[in-house]
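S.K.: Quick one: structure below, then a few questions.
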Amino acid sequence: MLTLPAPAPSLPSPLTPLSDPALSRAGVELRLKRDDLIGDRVPGNKFRKLMPNLRAAAEAGHSRVLTFGGAYSHHIAAVAAAVGPASVGVIRGDELATRPRNPSLAAAEAHGMRLAFVSRADYRRLRDGLDDPAVREELRRAHGRCWIVPEGGSNALAARGAAETAAELTGLGPRDVVCCAVGTGGTLAGIAAGLPPGARALGVAALRGAGYLEGEVARLQTAAWGRTSGNWAIDHGHHGGGYGRVQPELERFAAAFEARHGLRVERRYVAKALFAVHRLAGGPLLPPGTRVTVVVTGPPD
Ligand SMILES: *Cc1c(COP(=O)(O)O)cnc(C)c1O
């Protein structure tokens, strides 16, 4: 049996109104939904997405979890922190096997996660082949019987877990937009599905060239609820050069935001969502009168 992470964190996560001069001028109200404060070992949206998977794995009698990620994946780190020795991380890039571990992979190993480095071609084949019984059998032979969580942790269970963030936001209506950064789309899929009628969700893509994300979010919503919710959009204009990139303009914005509000901001995702809100405030996606709730999906590194 899997031992689920304990103790349970304090939920619901806090909701904090912020007074931000630039947004006030645009007629937009800002609030932060502090999911970065939930979970101690497994932070933010990774906690929301992972817990339903771990519960399902335990109920199905699994004792181990296998998942996929790159060398800097927050998801890999989260799974390692959650179930440590009961986890296998299939890592993209066989050249990394013999190199010194980066801090993220070193931490995963320290938690007891077994790392399996595979070539980029094999990684793609395994990651994209999870519906193929032959691929599952290959993974089972290599790593034993495992509950398999896809790359980035996004599946139907993860989307349901993410919907709880939206469910905690009461009193939403037609002037509300709930905004989050998008990596694989599971968080946006859940948040949008969890909103009451009238409220909308806006995702900010943290990756460049991620035009497939709309299809991914729709697929995840259909897998979890049998339909898409139709109340969401994805902004592709604020990835700032792509995943992991923090261009000087984004860094300046994030540093100024931190100084104004006295809190630190994770750069690869959360800063991009906040920057997008500042850029889009007053425009057609966030017209004057909008109350925007930015979900702080994870803590600073
Ligand atoms: C992983 C992550 C995301 C992206 O979530 P998806 O469900 O993959 O879209 C956003 N913000 C933070 C801080 C993350 O770690």
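The values are calculated or read from the model by the stated rules, or taken from the named source; none is laboratory data. Because the structure is a prediction, the values reported are computed rather than measured. Positions of Cβ are backbone-derived with ideal geometry, glycine not excepted, and every protein chain shown enters the neighbour counts.
S.K.: Being under 21 Å from the mean Cα position of the chain (by Cα) and surrounded by 15 or more Cβ atoms within 10 Å (Cβ to Cβ) is the filter here, so list the residues in segment 234-262 that pass it.
M.R.: Within segment 234-262, Ile234, Asp235, His236, His238, His239, Gly240, Tyr243, Arg245, Leu250, Ala254 qualify.
S.K.: While we're looking at this one, here's another question. Quick check on my filter: what residues within segment 13-39 are part of a loop (DSSP other than H, G, I, E, B) and either touching an Asp or Glu at 6+ places or on another chain (Cβ under 7 Å) or on the phi < 0 side of the Ramachandran plot (or both)? Break it down into steps so the answer makes sense when it comes.
M.R.: Here is the first cut: in segment 13-39, the ones part of a loop (DSSP other than H, G, I, E, B) are 13-14, 19-20, 26-28, 34, 38-39.
Correct list: Ser13, Pro14, Ser19, Asp20, Ala26, Val28, Arg34, Ile38.
S.K.: Out of Val79, Val83, Val42, Val90, report the one residue that is part of a strand (DSSP E or B) and buried (at least 17 other Cβ atoms within 10 Å of the Cβ). First the steps, then the outcome.
M.R.: Details: Val79 fails: part of a strand (DSSP E or B); Val83 fails: part of a strand (DSSP E or B); Val42 fails: part of a strand (DSSP E or B).
It is Val90.
S.K.: List pairs: first residue in segment 23-44 and in contact (Cβ under 8 Å) with a residue 12 or more places away in the chain and within 14 Å of the ligand (Cβ to nearest atom), second residue among the charged types (D, E, K, R) and outside any strand (DSSP E or B) anywhere in the structure, Cβ distance under 6 angstrom, at least six positions apart or on different chains.
M.R.: Matching pairs, first to second residue: Gly44/Asp35; Gly44/Asp36.
S.K.: Check Arg55 against each of (1) of a type outside the set (A, V, I, L, M); (2) more than 16 Å from the ligand (Cβ to nearest atom); (3) assigned to a loop (DSSP other than H, G, I, E, B) and name the one condition it does not meet.
M.R.: Result: Arg55 fails condition (3) only.
S.K.: Within segment 242-293, track down each residue that is within 16 Å of the ligand (Cβ to nearest atom) and more than 21 Å from Ala210 (Cα to Cα). Quick ask: steps written out before the conclusion?
M.R.: Here is the first cut: in segment 242-293, the ones within 16 Å of the ligand (Cβ to nearest atom) are 242-246, 250, 254, 257-258, 263-277, 293.
Across segment 242-293, the qualifying residues are Ala254, Phe257, Glu258, Leu263, Arg264, Val265, Thr293.
S.K.: Same structure, new question: Residues of segment 156-166 being in contact with a strand residue (DSSP E or B) (Cβ under 7 Å, 6 or more places away or on another chain) and either within 12 Å of the ligand (Cβ to nearest atom) or more than 27 Å from Gly27 (Cα to Cα) (or both), which ones?
M.R.: Going through segment 156-166, the residues in contact with a strand residue (DSSP E or B) (Cβ under 7 Å, 6 or more places away or on another chain) turn out to be 165-166.
Passing the criteria: only Thr165.
S.K.: Taking Tyr212 as meeting all but one of (1) more than 18 Å from the chain's Cα centre (by Cα); (2) surrounded by fewer than 15 Cβ atoms within 10 Å (Cβ to Cβ); (3) more than 25 Å from His278 (Cβ to Cβ), write down the number of the exception.
M.R.: Against the list (1) more than 18 Å from the chain's Cα centre (by Cα); (2) surrounded by fewer than 15 Cβ atoms within 10 Å (Cβ to Cβ); (3) more than 25 Å from His278 (Cβ to Cβ), Tyr212 comes up short only on (1).
S.K.: Does Arg268 meet the test of being within 21 Å of Lys46 (Cβ to Cβ), modelled with pLDDT under 95 and either surrounded by 15 or more Cβ atoms within 10 Å (Cβ to Cβ) or aromatic (Phe, Trp, Tyr) (or both)?
M.R.: Details: within 21 Å of Lys46 (Cβ to Cβ): yes; modelled with pLDDT under 95: yes; either surrounded by 15 or more Cβ atoms within 10 Å (Cβ to Cβ) or aromatic (Phe, Trp, Tyr) (or both): yes.
So Arg268 passes the test.
S.K.: Would you mind finding the one in Gly240, Gly230 that is assigned to a loop (DSSP other than H, G, I, E, B), closer than 30 Å to Ala56 by Cα and not basic (Lys, Arg)? Please lay out each step first, then the result.
M.R.: Values: Gly240 fails: closer than 30 Å to Ala56 by Cα.
When all the criteria are applied, what remains is Gly230.
S.K.: Criterion first (part of a loop (DSSP other than H, G, I, E, B), in contact (Cβ under 8 Å) with a residue 40 or more places away in the chain and either more than 12 Å from the ligand (Cβ to nearest atom) or surrounded by 15 or more Cβ atoms within 10 Å (Cβ to Cβ) (or both)) does Leu169 satisfy it? Break it down into steps so the answer makes sense when it comes.
M.R.: Details: part of a loop (DSSP other than H, G, I, E, B): yes; in contact (Cβ under 8 Å) with a residue 40 or more places away in the chain: yes; either more than 12 Å from the ligand (Cβ to nearest atom) or surrounded by 15 or more Cβ atoms within 10 Å (Cβ to Cβ) (or both): yes.
Spelling it out, Leu169 is indeed part of a loop (DSSP other than H, G, I, E, B), in contact (Cβ under 8 Å) with a residue 40 or more places away in the chain and either more than 12 Å from the ligand (Cβ to nearest atom) or surrounded by 15 or more Cβ atoms within 10 Å (Cβ to Cβ) (or both).
S.K.: Next question, about the same structure. Would you mind finding the one in Gly61, Gly129, Gly93, Gly152 that is within 16 Å of the ligand (Cβ to nearest atom) and not hydrophobic (A, V, I, L, M, F, W, C)? Can you show your working first?
M.R.: Values: Gly61 fails: within 16 Å of the ligand (Cβ to nearest atom); Gly129 fails: within 16 Å of the ligand (Cβ to nearest atom); Gly93 fails: within 16 Å of the ligand (Cβ to nearest atom).
So the residue among Gly61, Gly129, Gly93, Gly152 that is within 16 Å of the ligand (Cβ to nearest atom) and not hydrophobic (A, V, I, L, M, F, W, C) is Gly152.
S.K.: Out of everything in segment 172-194 that is away from the ligand (no atom under 16 Å from the Cβ) and part of a loop (DSSP other than H, G, I, E, B), what residue ends up being nearest to Gly44 (Cα to Cα)? Quick ask: steps written out before the conclusion?
M.R.: Looking only at segment 172-194, we keep the residues that are away from the ligand (no atom under 16 Å from the Cβ), and these are 172-177.
So of that shortlist, the ones also part of a loop (DSSP other than H, G, I, E, B) come out as 172-175.
On the way: Leu172: 22, Gly173: 25, Pro174: 26, Arg175: 25 Å.
Within segment 172-194, the match that is nearest to Gly44 (Cα to Cα) is Leu172.
S.K.: Mind checking which residues of segment 203-218 are within 13 Å of the ligand (Cβ to nearest atom) and not β-branched (Val, Ile, Thr)?
M.R.: Gly203, Ala205, Ala206, Leu207, Ala210, Tyr212, Leu213, Glu214, Glu216
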